[in-house]
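Report on one structure; see the data block that follows.
Nothing in this text is a laboratory measurement; each read-out follows from the coordinates by a stated rule. Being a predicted model, the structure only gives us computed values, none of them experimental. No Cβ is skipped: glycine too gets one built from the backbone with ideal geometry, and neighbour counts run over all protein chains shown.
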Number of protein chains: 4
Amino acid sequence: MHDDSPEARWERRAEMPLTIASMAFLCAYAVLVLAPSPGTPWDDLWLLVLLAAWLLFGVDYAARWRLSGRRLGFVRTHWLDTIVLILPLLRPLRIVRIYESMQHRRGLPRLALHARVIAYAGISAVLLGFTGALAVYQQERDAPGTTMRTFGDAVWWACSTLSTVGYGDVVPVTTGGRVIAAFVMACGLALLGAVTGSFSSWLLQVFAAETGERPPET
Amino acid sequence: MHDDSPEARWERRAEMPLTIASMAFLCAYAVLVLAPSPGTPWDDLWLLVLLAAWLLFGVDYAARWRLSGRRLGFVRTHWLDTIVLILPLLRPLRIVRIYESMQHRRGLPRLALHARVIAYAGISAVLLGFTGALAVYQQERDAPGTTMRTFGDAVWWACSTLSTVGYGDVVPVTTGGRVIAAFVMACGLALLGAVTGSFSSWLLQVFAAETGERPPET
Amino acid sequence: MHDDSPEARWERRAEMPLTIASMAFLCAYAVLVLAPSPGTPWDDLWLLVLLAAWLLFGVDYAARWRLSGRRLGFVRTHWLDTIVLILPLLRPLRIVRIYESMQHRRGLPRLALHARVIAYAGISAVLLGFTGALAVYQQERDAPGTTMRTFGDAVWWACSTLSTVGYGDVVPVTTGGRVIAAFVMACGLALLGAVTGSFSSWLLQVFAAETGERPPET
Amino acid sequence: MHDDSPEARWERRAEMPLTIASMAFLCAYAVLVLAPSPGTPWDDLWLLVLLAAWLLFGVDYAARWRLSGRRLGFVRTHWLDTIVLILPLLRPLRIVRIYESMQHRRGLPRLALHARVIAYAGISAVLLGFTGALAVYQQERDAPGTTMRTFGDAVWWACSTLSTVGYGDVVPVTTGGRVIAAFVMACGLALLGAVTGSFSSWLLQVFAAETGERPPET
């Protein structure tokens, strides 16, 4: 498991600073959206944090590109990193990886595998919902005819969207808000499908184990 | 299957009283929400039942903690019991376990496994829907601008939410109601996914068996 | 496959008359709901067809109960038939079985298995949607404040419900309509999950076969 | 893999012209719907493109029917082609096949299988959504009481429908629009189920591989 290429060493060392940077990015964005204080130095500070974090992501991306010794192929195989560079709000989704690597859970039996997938997809869905609610709220709150007046409404919208319930009492009406919403739907569906599917498999295994049956292959 | 540790013995003996207590809890809560009679001794009686049941859950939790001989680790491995202690409305979900242990179905072929998962997840979903409808109805009924005027509306809301249809004709508007609703969505989705997935696997097996094919591994 | 017990012989012989009866039942019900002509002998005729079909189901149920030589156990193991006896509108779901038995597809490879499950669940879903639309339309059309004014609205409602999209532009408002709707949701979800799951498995197999890979076990 | 029957040779040669024709068909249809310029020769030109593409599909269908040397059996086994002939808007869904055949990905490990299914179903869903939005928009835009005033609304409707969220803020109200919508729902559900299911399986494999576990059969 110990890969000693320069790229792997960089990734191990950069992991923690990047995670802190991504959390700082999310915090700064949340403060700017939820509690803006125009005309005070606070807003400038948070904007600075935002830019600094973004710069850090850029430096990390450039360094890994260089260390890989490749050209455009790097952009293709690291498409997820490329997207994250352009849309840094998605960065916090990597927090989940950190949580995992801190646990060093290796060689656990298969039942734990489902629990891990549920935890990973579940935490990702919560982060996606929070980030999506922030981004949509920023687009929607001052739009004419909006139904999303408070951040609480935006969170409620995110819940009803990620669960595909979709009541329709709170909906984005601006083009920007709808584009973000469509992206949240697409990601959320996949993540939720993973949670649901894993939970279903896990339940089958638990029931099979209880009666001493051979666990089904599913 | 016969585990003779003090903890297992306690669990076997406490099973029946706790189930009765949880059913009494749900009944008392339902009566208090649906047919309150303020100023009469009846409400005090039901409140007493509520508190007595809660006390019983607390005693059971404390006893199992002591018998386990562990410290904080107990809280972590028994997180489900800890949640149930804080939110006793979820307790009735354990009724399903009783139903199971009364049936003593052991060594049944695999087809029965799917039926059991469907039954377990289905009953849990029904209980969750009823409990959720009660709790949301309590939050919503007197809110200004509510669309949930009768308990029938609340049950209809629960149906359309658990099935992820989400018409949006009846929606919670208070913060409390929305928090409960988000919780119901999350649990309901997982349970319903389990029902759907198991039904799908079961159908595949039935069809495979009908034509004498080797049952697929799925 | 040739079971020569009296019960099995009865079932084989009764299959066709019962199917015709169930189709006649559905037709008569549809005509009574969609094109009622009060005061003419036509309505009496259709009502007669309805009752005759119902009687036939009753006779079949009684005959099979007698032939089985069992008592109340029959009601439990044949719970589906018992439900169909009480709610004859569900009877047409058996049409699917006929379609199957007419095809006599035995020993087909596994790919066909998925196709069969999709066909079975899909046809059942269509029948369920049509029957549900009829039943809900009967409850709703004259209710005050209804949004389901034509049978087309009812069919549109059934589509958006069975697919769990749930726009909410057309919703049942009466208690009777909502009870039927909840039932349609529950059945529809399971059937649709079966269609979706089988289609997903089938797609995986097709793609695996295309590149000569070993087909995955899923 | 090299099938040298006349039919297979025809299919290989016809692949590229047919793909170009189907893309031209979709473009012409999109221009006619979104930017009609009545009274100018442009509209006639696009209509001509539409008809020419349709003619090409007809010639291809006829040629393959002849080469197969069969009679009505051809219509049954090639039902998908028959549908495409009647509803040429579905033709672009074949673009996905081209994408695949250009990649010549053979003998890849199983992880790539899931990626391929996700890509195929995902691209199909996007094409279906775009085509469906176009067709519904054409039906709805001038209907009285419509909520689908711009093509942006139609795309937003397609997103919320394909993800089964179904807010209900934009819904088709005409019969034609609803029929197309029901078709989009049915196809979209199956495609999305395939994306979700494959993503779920893929995630399980990635997690299993990370810790050196035996990959689960699911």
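Worth a mention:
- Spatial offset of the range B:7-60 relative to the range A:131-160 amounts to 40 Å, using the alpha carbon center of each.
- Coupling constants for the range A:152-166 follow from the phi torsions by the Karplus curve (6.51 cos²θ - 1.76 cosθ + 1.60, θ = phi - 60°), and in residue order they are x, 4, 5, 5, 4, 4, 4, 4, 6, 7, 5, 7, 6, 6, x Hz; glycine and proline get x.
- Sorted from shortest to longest, the distances between the A:THR77 label points of this copy and the other copies are 4.4, 4.4, 6.2 nm, with each point 7 Å from Cα along the line through the beta carbon.
- Note on C:THR175/D:VAL75: beta-carbon distance plugged into 1/(1 + (r/R0)^6) with R0 of 45 Å gives a FRET efficiency of 0.40.
- Distances, shortest first, from the label point of C:ALA63 to those at the same position in the other copies read 5.8, 5.8, 8.3 nm; the point lies 7 Å along Cα to C-beta.
- Convex hull per residue volume in Å³, alpha carbons only, for the range B:105-218: 111
- Mean Cβ neighbour count within 10 Å, used as a protection proxy, ranking C:33-42, B:63-72 highest first: B:63-72, C:33-42
- For the range D:14-54: rounded, prolate or oblate by the Cα gyration tensor [a/c cutoff 1.5]: prolate
- The mean number of partner chain beta-carbon atoms within 10 angstrom of a residue's beta-carbon across peptide C:202-209 is 5.
- Under the Karplus curve 6.51 cos²θ - 1.76 cosθ + 1.60, θ = phi - 60°, whole-Hz ³J(HN,Hα) for the range A:38-43, x wherever Gly or Pro sits: x, x, 9, x, 4, 4
- The mean number of Cβ atoms from other chains found within 10 Å of a Cβ in peptide D:184-195 is 6, as a whole number.
- For the range A:1-91: rounded, prolate or oblate by the Cα gyration tensor [a/c cutoff 1.5]: prolate
- Ranked by how many other beta carbons lie within 10 Å on average, peptides A:189-201, D:45-57 from highest: A:189-201, D:45-57
- Shielding by other protein chains, C:144-155, mean Cβ within 10 Å: 1
- Spacing of the modelled spin labels on A:THR150 and C:ILE83, each 7 Å from Cα toward Cβ, amounts to 4.3 nm.
- Label distances, nm, D:THR40 versus same residue in remaining copies, Cβ-directed 7 Å point: 5.5, 5.5, 7.8
- Each residue, A:VAL33 and D:TRP42, gets one label point 7 Å from its Cα in the Cβ direction; the gap between the two is 3.9 nm.
- Peptides D:6-12, D:73-79, A:132-138, ordered by how many other C-beta atoms sit within 10 Å of their residues on average, highest first, read A:132-138, D:6-12, D:73-79.
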